[in-house]
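The values are calculated or read from the model by the stated rules, or taken from the named source; none is laboratory data. The shown structure was predicted, so the numbers you read here are calculated from the model rather than taken from an experiment. Here the Cβ positions follow ideal geometry from the backbone for every residue, glycine too, while neighbour counts run over all protein chains shown. Heavy atoms of the whole protein, side chains included, go into the accessibility calculation; ligands, DNA and RNA do not. Shrake-Rupley method; radii C 1.70, N 1.55, O 1.52, S 1.80 Å.
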Amino acid sequence: CLSTAAAAAAAPAKLSSHHAATFAKMTEGPCVLKDGYSTASTLEINTKSDLNGGTALKSIFTRAAADKTTSTLKATTSSHGVSVEADLNGQGDIKAKASMADLMPGLKLAVTGHLNGGQKAKDMAAPSISAEYANGDVMATATVEGSHLSAAAVYDLGDVSVGVKSAYDSSDGSLADPSFAAKYKGAGFNIGAMLKGLKGDDIAATYDQKVNDDLSVAGSFCSAGNKFALGAAYKVDAGSAVRAKLDSDGMLNVGYKRSVTSGAELAAGLEMDTNNLDSRKVGISMKLH
C-alpha cells in the first residue's frame with residue numbers, strides 16, 4: 001500500500017469539503033510497519049453479482065493447519081442509501097453491519113451485530129451502535145456496546161491534528177483514563193505521538209517518510225516496555241514490491257507482493273525470530289479479481 005507520507009505528498013491541496021480523520025485513523029501505525037507481512041496461506045476470490053443492482057462478493061480460503069482449511073464469505077451491497085456488509089465463516093458465525101451516511105449533514109450511523117454459529121437469535125448480544133459526525137475541521141465519534149460507551153474527537157489544524165479519546169462503563173460508573181494524540185504532516189513525512197492515560201508512563205510515537213518514489217521508511221517507539229520497530233518498503237518495479245521490519249523483540253518480518261496479471265496478485269510473507277532461527281513462519285497467498 002501507499003505509505004501515509006507518500007499519500008500526504010501526493011494529495012492535492014485541501015478543499016472546503018475536507019474533514020478531519022477519526023481518532024482511530026489518526027493514530028494507526030505507519031503502513032510500512034503494519035501491512036503486507038501476513039504469513040497466512042490464503043486464496044482470495046473477488047467477484048461481483050448483479051444482485052440488488054451490484055453486490056461485491058469475497059471468498060477467502062485459509063490453510064489453518066496441515067489438515068485444516070477455513071473459509072469466509074463476505075458480501076457488500078447497498079440499497080436506498082444504506083450500506084450492508086455481511087460475513088459468514090465455516091463455523092457458522094455471522095457478522096453484519098448496516099451503515100447510513102448523511103442522515104443529516106456530516107452524520108454517519110452504523111449498527112453491527114454478531115451471531116455465533118449454533119447460537120439462537122434470542123441469545124445474541126446487543127448490537128453495537130456507532131456514530132461519526134464531521135463538521136469542517138472537527139471529527140467526533142462515539143460507540144455504544146452494551147454498557148460500554150467510547151467517544152473521541154479530533155481537531156484538524158491543517159498540518160497538525162490533535163485528538164482525545166475516553167470511555168465510560170455505566171455498569172460500574174467507571175470512566176477510563178483519556179488518551180491524547182497529535183500528528184504533524186510534513187512535506188513527505190509524518191510524525192505522530194499518543195499519550196495513554198494521565199500518568200505519562202505510556203507514550204507511543206511514530207515516524208514515516210517517503211524517501212523517493214520507490215522507497216519509504218518508518219519507525220515506532222512505545223515507552224511501555226521500551227518497545228520499538230523499524231521498517232522499509234521498496235518498489236522493485238511497476239508490478240512488485242518488497243518490505244521488511246524488525247522490532248525490539250528480535251522478530252523479523254519480510255513481505256513480497258507481485259501483480260501476476262491485471263486480475264491476479266501473489267503475495268508471500270516470512271516471520272522469523274532472530275533469537276531462535278529455527279522459529280519461523282512462511283505463507284503464500286493469491287488474490288483474484
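The set of residues in region 63-79 being more than 20 Å from the chain's Cα centre (by Cα) and farther than 15 Å from Ala110 by Cα consists of Arg63, Ala64, Ala65, Ala66, Asp67, Lys68, Thr69, Thr70, Ser71.
When Ser259 is tested against (1) outside any strand (DSSP E or B); (2) in contact with a Leu (Cβ under 9 Å, 6 or more places away or on another chain); (3) of a type in the set (S, T, N, Q), just one condition goes unmet, and that condition is (1).
Kindly indicate whether Lys196 is under 19 Å from Val154 (Cβ atoms) and modelled with pLDDT under 95.
The answer is yes for Lys196.
Residues in region 48-60 include none that are under 20 Å from the mean Cα position of the chain (by Cα), more than 22 Å from Met286 (Cα to Cα) and either open to solvent by less than 80 Å² (accessible area, probe 1.4 Å) or of a type in the set (A, V, I, L, M, F, W, C) (or both).
Filter region 207-219 for residues that are open to solvent by 40 Å² or more (accessible area, probe 1.4 Å) and part of a strand (DSSP E or B); which is farthest from Pro30 (Cα to Cα)? If we take residues in region 207-219 being open to solvent by 40 Å² or more (accessible area, probe 1.4 Å) and part of a strand (DSSP E or B), then Leu215 is farthest from Pro30 (Cα to Cα).
Residues of region 248-263 that are open to solvent by less than 70 Å² (accessible area, probe 1.4 Å) and free of Cβ contacts under 8 Å to residues at least 40 places away in the same chain: Ser248, Gly250, Met251, Leu252, Ser259, Gly263. When the residues of region 81-103 are narrowed to those that are in a strand (DSSP E or B) and farther than 16 Å from His114 by Cβ, which ends up farthest from the chain's Cα centre (by Cα)? Looking at residues that are in a strand (DSSP E or B) and farther than 16 Å from His114 by Cβ, I get Val82. Scan region 180-195 for residues that are in contact (Cβ under 8 Å) with a residue 24 or more places away in the chain and on the phi < 0 side of the Ramachandran plot and the total you get is 10. What do you reckon, is Ala204 open to solvent by less than 50 Å² (accessible area, probe 1.4 Å), outside any strand (DSSP E or B) and within 28 Å of Lys281 (Cβ to Cβ)? It is false that Ala204 is open to solvent by less than 50 Å² (accessible area, probe 1.4 Å), outside any strand (DSSP E or B) and within 28 Å of Lys281 (Cβ to Cβ). Just one residue in the set Lys245, Lys235 is at pLDDT 95 or above, out of contact with any helix residue (DSSP H, G or I) (no Cβ under 7 Å at 6 or more places or on another chain) and either surrounded by fewer than 15 Cβ atoms within 10 Å (Cβ to Cβ) or assigned to a strand (DSSP E or B) (or both); that residue is Lys235. Of all residues in region 104-113, those that are open to solvent by 60 Å² or more (accessible area, probe 1.4 Å) and either closer than 14 Å to Ser78 by Cα or part of a loop (DSSP other than H, G, I, E, B) (or both) total 2.
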